[in-house]
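Below is one structure, written out as structure tokens; the observations come after it.
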């Protein structure tokens, strides 16, 4: 290695060392400034404090035999009602909306042996059995070559709504 090459390597090492030192000092300065300006404001913020308390509360309370355990009733976490946790799905108003909400998942693509909506060839033998049979299969479920869950898996649907969804599908 020549004298010029070793001189360049030395200068390059010094410049690189200065850049790394400058970067570390800037990082330390940013942390110092942030800890004196941001941290107190964040730690005193009401939403931050409420979030920390919600995440650090005890997940379990013990019931002790022979003592009053009425305070141990199961309640949803704070804010769950406001956030809509556990809210029921909206009920459709007619057969078309019921089809879109539940039936289309299988009958739209023909999944699990379900006849596709609008496929007259696949629906003809089922329609030939009569509306009463179609209604019974839709309401109570049916397992033959495929799997039809009762009410399309939406047990919250009324019988009339399911029947109107069947009527809608067979009219396509």
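Looking at the range 157-168, is at least one residue surrounded by fewer than 20 Cβ atoms within 10 Å (Cβ to Cβ), over 13 Å from residue 98 (Cβ atoms), in contact (Cβ under 8 Å) with a residue 12 or more places away in the chain and out of contact with any strand residue (DSSP E or B) (no Cβ under 8 Å at 6 or more places or on another chain)? Checked the range 157-168: no residue is surrounded by fewer than 20 Cβ atoms within 10 Å (Cβ to Cβ), over 13 Å from residue 98 (Cβ atoms), in contact (Cβ under 8 Å) with a residue 12 or more places away in the chain and out of contact with any strand residue (DSSP E or B) (no Cβ under 8 Å at 6 or more places or on another chain). At least 2 residues being closer than 30 Å to residue 50 by Cβ, modelled with pLDDT of 65 or more and outside the structural domain of residue 51 (by TED's automatic domain parsing) is the threshold, and among the helices (runs of 4 or more DSSP H) wholly inside the range 61-107 not one reaches it. Screening the candidates 139, 172 for the property of being under 24 Å from residue 93 (Cβ atoms), surrounded by fewer than 18 Cβ atoms within 10 Å (Cβ to Cβ) and over 30 Å from the mean Cα position of the chain (by Cα) yields one hit, 172.
The values are calculated or read from the model by the stated rules, or taken from the named source; none is laboratory data. Note that the structure is predicted; figures quoted are calculated from it, not measured. Backbone-built Cβ (ideal geometry, glycine too); neighbour counts: all protein chains shown.
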